[in-house]
Every structure is written in C-alpha cells, then in structure tokens.
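**Q** Below you will find the structure I want to go over with you.
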Amino acid sequence: MTVESQWGIPSDKLRNGASIHFDLVSPDGQLLLKAGEPITNRLLEQLRERGIQSPVLHHAPRFRPEQKTAALLSNFPPEMVRQIQASMESARTSVKSLLTSLTNKEEIRLDVIQMSAGQFVVQAKRDVAATLAVLALNGKVADSEVANSLANHSANLSLLATVMSTLQKDEPIQSFEIGLAGLLHDCSLILNDEWYTGQANSRDETARKRYRRHSIESADLLNGLSGISKSVLAMIQEVHEQADGSGYPRGLTISQVKPGTEILNLADAYLSLTSPVQGRSIVPADAISYLCLHTAQGKFSRDALQLLTTSLSMYPVGSGVELDDLSEAVVVRGNSDAPMTPLVRLLHPSHQEIDLRVSDRFISRPGGPIVKENQLHHHEPKKCAADLHSKPPSTIGLRTCFRPGRMTSLRRLRRSLLHSSHSLATTSHQVKIS
Ligand SMILES: [Fe+2]
C-alpha cells in the first residue's frame, strides 16, 4: 500500500507562482492549497497573518490497494496465483488443525502439514516472484484468534524460507525440511498464548525466560512423531538463535546451528517487522534496510541476507514504490543480480511494466515521494533524488554486510538506507522475539 506521509516546509521557502505536487495544509490539518495549484501572494499573506511558519506538505495515496493488487497480479498467470493461494490456505488450515489437536490433547498427525511443506517447494521452484507476490498479498498475521495469527505467521515463514532455500539451490528435501520447521516451530505457543500476544517489553524476567523456551517446547511436543527428522527438530529449536550468539534459547552462534536455521531466523525477523502480531508494521523496504544494519552488526547471517535480498530485492515484491517522476508503481519481480533495480508495474491503468535495470527511471523512495525544497520552485525530481542519494550514511558498516562480489555497488545499497532513514530513525520497532 502506498504510504500516506507528510513533511513540514518553512513558509519562507514558498515562492509566488510556484506549484506544489502535494496538498499544503496548516499544522492543524486545514487545507491551504490543493496539489498542483500555484502559490499566490494572497496565500503567503494568509500564512503571515495566521502566524504559520511551517505549513505541511501532505501526500495521500493516489491509488487504492485494489489497484496495486491488480497491477501486481497482472504479471502472473491467474491459475498459478490461484494454486499458490490454495497452498497458502492449505498450510494455514493444517497448522490450525495441529494447534487444535495440541489444545485438546488429541493425537497429532503431521501428514497434512508435510503435504503443505511439499507444495511450497513445488511452488517456489515454479516461480519465485509469483510465490512472493502471493505472500505479499496474504501476509497479514494479526488476528483476534491466537490460533489464526500463529497459523498465518507459520505459513508465511515456511513459504519465505522455502523460497530462500530454493534460491540457494538446496536439494528439495532440504527445502522441504526448512519449510516444515517453519510451519511447526511456534506450535507450543498455543498452550501459552499469553506468551505470543503479550507485549515483549512488559514481561518480567520469569515470563521472559519461559517464553524463550518456546522453540524447545515445540520440539519436545513433536519429538518422536513419525515423519519428523532430527534435523527438523533441531531447526525448530534453533529458529531464534542469532549469528552472533545473542539469540535464544541457547545462545548458539551461526557455526553451531543447522544449515537452514539462519534462513529461518532472518525470514522470521523480516516477517515480524512487516507483519507483527501487535504494533505497527514497517514498509518492506525499510525492513530490509533494518536487517542490513543488524547484519552489519553481526546479528544475522550475511549469506541469509544475500538470499533474502536476492529473492525479495531491496524493494520487496508486492511493495509500493514511487519513481523519480512521482508516478507510483508496485514491484512485481526482483532482478536477482541487481536487487536495487527490480521490475515494476505502474499503478496507472496501463499497468506498464518497467525493468529498472535497463531503464532511465529509478525508484525515488518506497511508499511516498521525496520532497526537497528546490522541488517547490522547479520540479526536477531526478536532480533532487540524486542530491539526496549523494550523502552516504556514515555510520553504517555495509562493507561487512555483504560478501564481496556478490552484491551490486555499495553506493546503491546506501541509497536504500537513505530512503529508509526517516522511518528507521523514528521507529521504536524491534525485531520481535517470537
Ligand atoms: Fe518463535
């Protein structure tokens, strides 16, 4: 969804005769000037008379979410989309059935869940972008029913981790096991639902310690069942272990966990940022940048981050972006060798496809437009965006984030972080511990 946003602008920067591409509103929300209309001396006088020194530029989405969905899905055969959606629904249903069995202390059967994990492997191999598009459209987790939230998150985690494993060219059995661990790892939370829904920062030390055992308890519940291997049980236990040993429950480092765990850990973090059970989500491109920062600090596996950006791109499939000419588009497919320049489709009814890798156009920002003072007088979006991008974030150790030769230029990555800096600086969102 295109993000509604606003920026303050000093009134002394407004010039008679210039037009603005956004609504100009007073600090208390009153419309002063409609987008596209010229600034007049009368308006400037009114601002002075009313003592408004910093009116607000307001950008509202020009397109409805349904238009983004239509533009995104127009890229894929409807039958393929339908099959992936059916697999997602089947996965959610199978996880909910397992949770019901656990709650009622009934016999646990894993055959339907295994079938779902197998379907995800098939879908991921067939078309990664279509799979991710469905994930983007069906990624909502929060639900008044804890079982629904758990099932939604488990299905999302399984599908994304399966895609990442497939792109890593894992054997199908390995991708299957990673996907299966994703579907199962949170199952014990249904027996302690307050652990899942309660605010993490409100838990006392005892509750925190208990919560941090949920992956072990999930593995204990499943241990000994037919169709679940030791490696799947190990990955279930290790989903929340982090590369630098700061995770839980055992504080293992990346060298001590199963192959596949690092994928699950990063996928879980990405999904928790973009679709949390509680609290505000952040836009997918900001989540990727957030994970870049924490990978640079050693929190996540660099290889897993490469896989995530290869599969999703720096502007994840399904996310809204604004191009340099202020047109709005949706990312429909990542370019695996150029994660900063995905394929997009305009939200304009033409749904024109643009491969940004070979186009002069570029993404100016995720969600909303970039606005700089000089745009108010002469609209030069390319120059404006280039100015902004030329200032590198000085504190970000991106050289430690990606392996040499496996990512496009550092400068391009910095662009993405600059896009995100406004929200990263203000958000108090932490990677959810779930
Ligand atoms: Fe978890």
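**Q** Identify all aspartates and glutamates with a Cα-Cα distance to residue 230 below 13 Å; exclude those on the same chain that are fewer than 8 residues away in sequence.
**A** Of all the aspartates and glutamates, those that pass the test against residue 230 - Cα under 13 Å, at least 8 places apart if same chain - are 177, 220, 238.
**Q** When the Kirkwood radius is taken over all Cα pairs of region 5-60, what Stokes-Einstein diffusion coefficient follows at 10 °C and 1.306 mPa s, in µm²/s?
**A** Taking Rh from Cα pairs, D becomes 145 µm²/s.
**Q** Apply the Kirkwood formula to region 130-289: the hydrodynamic radius equals the inverse of the mean of 1/r over all pairs of different alpha-carbon atoms; give it in Å with one decimal.
**A** Final number for the Kirkwood radius of region 130-289 is 15.9 Å.
**Q** Counting other Cβ atoms within 10 Å, keep those with at most 16, restrict to DSSP loop, and tell me which trypsin sites (Lys or Arg not before Pro) in region 23-93 are left.
**A** Qualifying residues, ordered by number: 34, 62.
**Q** Expressed as a whole percent, how much of the Cα-Cα distance distribution for region 248-368 exceeds 19 Å?
**A** 50
**Q** While we're looking at this one, here's another question. List every residue whose amide H lies under 5 Å from the amide H of residue 356, counting only residues 5 or more places away in sequence or on a different chain, with H placed 1.01 Å from N in the peptide plane.
**A** For residue 356, whose amide H was placed from the backbone, the distant partners under 5 Å are 343, 344.
**Q** Then there's this: Obtain the nm distance between the two label points defined at residue 115 and residue 15 by a simple spin-label model: each point lies 7 Å from its Cα along the Cα-to-C-beta direction.
**A** Placing both labels 7 Å along Cα→Cβ, they lie 6.8 nm apart.
Just so you know, all these numbers are worked out from the coordinates, no wet-lab data involved. These numbers were taken from a predicted model, which means no experiment stands behind them. In this analysis, Cβ positions are derived from the backbone assuming ideal geometry, glycine residues included, and neighbour counts consider all displayed protein chains.
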